[in-house]
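These notes concern the structure reproduced below.
The values are calculated or read from the model by the stated rules, or taken from the named source; none is laboratory data. Given the structure is predicted, the values throughout are model-derived calculations rather than measurements. As a convention, Cβ positions derive from the backbone with ideal geometry for all residues, glycine included, and neighbour counts pool all protein chains shown. Accessible surface areas use protein heavy atoms only, side chains included; no ligands, DNA or RNA. Shrake-Rupley method; radii C 1.70, N 1.55, O 1.52, S 1.80 Å.
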Amino acid sequence: MQDILKEYGPALITVIAIIALVAVVTFVIGSQDEGVVGREFSNLVTTFFTKAKGGM
């Protein structure tokens, strides 16, 4: 067990940190219907692509 942690410890910590970061961002932003931040971000992306498509 100790050999495994020595060998793969940094990689495991990195994976756990990435999963935790994704979970926190998902919790804070929420989905399009739940939170203000998620809804406004969705509107921002939609507006951006609409204007980008119209400019071409």
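Looking only at the range 1-17, which residues are β-branched (Val, Ile, Thr) and open to solvent by 100 Å² or more (accessible area, probe 1.4 Å)?
Ile13, Ile16, listed by residue number.
Does any residue in the range 36-56 that is touching a residue at least 40 places away in the same chain (Cβ under 8 Å) come within less than 9 Å, Cβ to Cβ, of a residue that is surrounded by 11 or more Cβ atoms within 10 Å (Cβ to Cβ) and in a helix (DSSP H, G or I) six or more places away or on a different chain, and which pairs are these?
Pairs that qualify, where the first residue is touching a residue at least 40 places away in the same chain (Cβ under 8 Å) and the partner is surrounded by 11 or more Cβ atoms within 10 Å (Cβ to Cβ) and in a helix (DSSP H, G or I): there are none.
Are any residues in the range 42-56 modelled with pLDDT under 90, open to solvent by 70 Å² or more (accessible area, probe 1.4 Å) and under 20 Å from Thr26 (Cβ atoms), and if so, which ones?
Of everything in the range 42-56, just one residue is modelled with pLDDT under 90, open to solvent by 70 Å² or more (accessible area, probe 1.4 Å) and under 20 Å from Thr26 (Cβ atoms), namely Asn43.
Looking at the range 11-22, can you tell me whether even one residue there is on the phi < 0 side of the Ramachandran plot and at pLDDT below 85?
no
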